[in-house]
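Report on one structure; see the data block that follows.
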Amino acid sequence: MFDSMRKKVDNVNDIETIIGRSTHINGQISGGGNIRIDGKVEGGISVSGAAVIGESGVIVGDIKANSLVVAGCVTGNVDVDGNLSIHATGQLIGDVKVRSLNIADGGVFNGKSEMVVRVEEPMVVQPA
């Protein structure tokens, strides 16, 4: 289940921004593409694509993304339009607002979750 998400956003060609292990950022990150974080970010993240928090990644701040994979540690609230996946090595402390939530055996989630149902407009049939 998690491999399909990992293959989709872990492909180097699909990730626009990578924050390396030895990088520490203090402040807000925003962007239009996919991002992978293996370092530490103290501040929020807002991207229109996918966000991947690697096993060595540490985020202290809120995250807004289209989808989110957590294999590291996140302390903050999360607002995800699509899927949130917490891997066995992942830990998320904070409230989440998501469409779908997957937590692997061993993954940690401590907070409130709100499952958002996106209502699609009904199809209107035009008379012939």
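Just so it is clear, none of the values below were taken in a lab; they were calculated from the coordinates. Remember, predicted model here, so these are calculated numbers, not experimental data. Methodologically, a virtual Cβ is constructed for each residue, glycine included, from the backbone with ideal geometry; neighbour enumeration extends over all protein chains shown.
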Considering Cα pairs under 8 angstrom that are at least six residues apart, work out the relative contact order of region 2-115 and quote it in whole percent. 16 percent
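How big is the charge dipole of region 2-115 about its Cα centre, in debye rounded to the nearest 20, if each Lys and Arg gets +1 on its Cβ and each Asp and Glu gets -1 on its Cβ?
Value, rounded to 20: 40 debye.
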Computed FRET value (nearest 0.05) for residue 110 with residue 60, which takes r as the C-beta separation and R₀ as 22 Å: 0.90
Cα-based shape type of region 2-115, given that a ≥ b ≥ c are square roots of the gyration tensor eigenvalues and the cut on a/c is 1.5: rounded
Which number gives the lysine pairs in region 2-115 that have C-alpha atoms under 17 Å apart and are eight or more places apart or on different chains? 4
Taking R0 as 41 Å and r as the Cβ-Cβ distance between residue 23 and residue 117, the FRET efficiency 1/(1 + (r/R0)^6), rounded to the nearest 0.05, comes to 0.65
Skipping prolines and chain starts, which residues have an amide H placed within reach, meaning under 5 Å, of the one on residue 97, given they are 5 or more residues away or on another chain? 78, 79, 80, 114
Once phi is turned into ³J(HN,Hα) by the Karplus curve 6.51 cos²θ - 1.76 cosθ + 1.60 with θ = phi - 60°, what whole-Hz value does each residue of region 53-66 show in order, with x for glycine and proline? 9, x, 4, 8, x, 10, 10, 10, x, 7, 10, 10, 7, 6
If Lys and Arg each add +1 and Asp and Glu each add -1, what is the summed charge of the other residues whose beta carbon sits under 11 Å from the beta carbon of residue 97? -2
